[in-house]
Amino acid sequence: MTSKTASTTSTKPSKGGKGASGPGCDTSTFETSLYAVFLGFYASYVALQLGLANNWYKIPTDQIGNTVAVYLICWLVAIVMLTLARSFLYDGPTFSLDSEAAQAASFVDELQR
């Protein structure tokens, strides 16, 4: 007689692997993409600075300040959008005045006891 044993492995599909906190999202993939974004920023900043120093882009010298300002503003907007996307897609809003006020009130109550 042969006995059949129940399999202990799950057949459910994985929802993002280890450390996933969103539906179908793997946080390690998101963190890896953050490194790629920062690499893109620094690599393009080096290209901008080298190009400005060697006049590769033929930008007039009186417009160099504006060029760097526009570059930095564009990257600031991109990083803020990425931060907000990370905040709302994975964890929900990370800053709430209601929860902050409730925490402060409970702290004050504990101090008064």
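The values are calculated or read from the model by the stated rules, or taken from the named source; none is laboratory data. Small disclaimer: the values here were computed from a predicted structure and weren't measured. As a convention, Cβ positions derive from the backbone with ideal geometry for all residues, glycine included, and neighbour counts pool all protein chains shown.
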*asked:* Among (1) exposed (fewer than 13 other Cβ atoms within 10 Å of the Cβ); (2) at pLDDT 85 or above, there is one condition residue 6 misses while meeting the rest; what is its number?
replied: (2)
*Go through segment 47-56 and give me each residue that's over 24 Å from residue 37 (Cβ atoms) and not in a loop (DSSP other than H, G, I, E, B).*
53, 54
*Would you mention how many residues in segment 57-77 are charged (D, E, K, R) and in a helix (DSSP H, G or I)?*
1
